[in-house]
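The values are calculated or read from the model by the stated rules, or taken from the named source; none is laboratory data. Quick caveat, the model's predicted, so the values are computed rather than measured. Quick reminder, even Gly has a Cβ in these numbers, built from the backbone with ideal geometry, and neighbours come from all protein chains shown. In case anyone asks, the SASA skips ligands and DNA or RNA and just uses the protein heavy atoms, side chains included. Shrake-Rupley method; radii C 1.70, N 1.55, O 1.52, S 1.80 Å.
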Amino acid sequence: MSDVYERFVGLLSGFGIGADEVEPDHTFTHLEFDSLALVELTLAVQQEFGVSVGDDELGPEDTMTRAAKVIESKLVGV
């Protein structure tokens with residue numbers, strides 16, 4: 001997996017989810033993220049990566065792989 005994916009999964013530890021509990025095809029719903037947790041995660045992404053991810057870019061049914069790709073696409077533009 002990419003460095004962005006690994007760093008992203010590392011952020012999940014702040015939500016009580018260990019890296020060993022996360023699979024690339026897991027969705028946020030599978031990991032029991034509610035809408036508030038998703039907002040908090042987007043703030044953590046902004047702090048970690050220096051990019052803003054909007055509410056419309058990551059949703060409950062998005063996978064961890066898709067989330068990492070969204071972040072990667074934003075880093076290309078930075």
- Task: Of all residues in segment 20-78, count the ones that are in contact with a Pro (Cβ under 8 Å, 6 or more places away or on another chain), among the aliphatic types (A, V, I, L, M) and more than 14 Å from Ser2 (Cβ to Cβ).
- Result: 1
- Message: Give me the residue from segment 14-37 that is part of a helix (DSSP H, G or I) and of a type in the set (D, E, K, R) and, out of that set, most open to solvent (accessible area, probe 1.4 Å).
- Response: Asp20
- Task: From the list Leu11, Leu58, Leu41, pick out the single residue that is open to solvent by 20 Å² or more (accessible area, probe 1.4 Å) and either in contact (Cβ under 8 Å) with a residue 24 or more places away in the chain or assigned to a helix (DSSP H, G or I) (or both).
- Result: Leu11
- Looking at (1) at pLDDT 95 or above; (2) farther than 16 Å from Gly14 by Cβ, which is the only condition Val45 fails? (2)
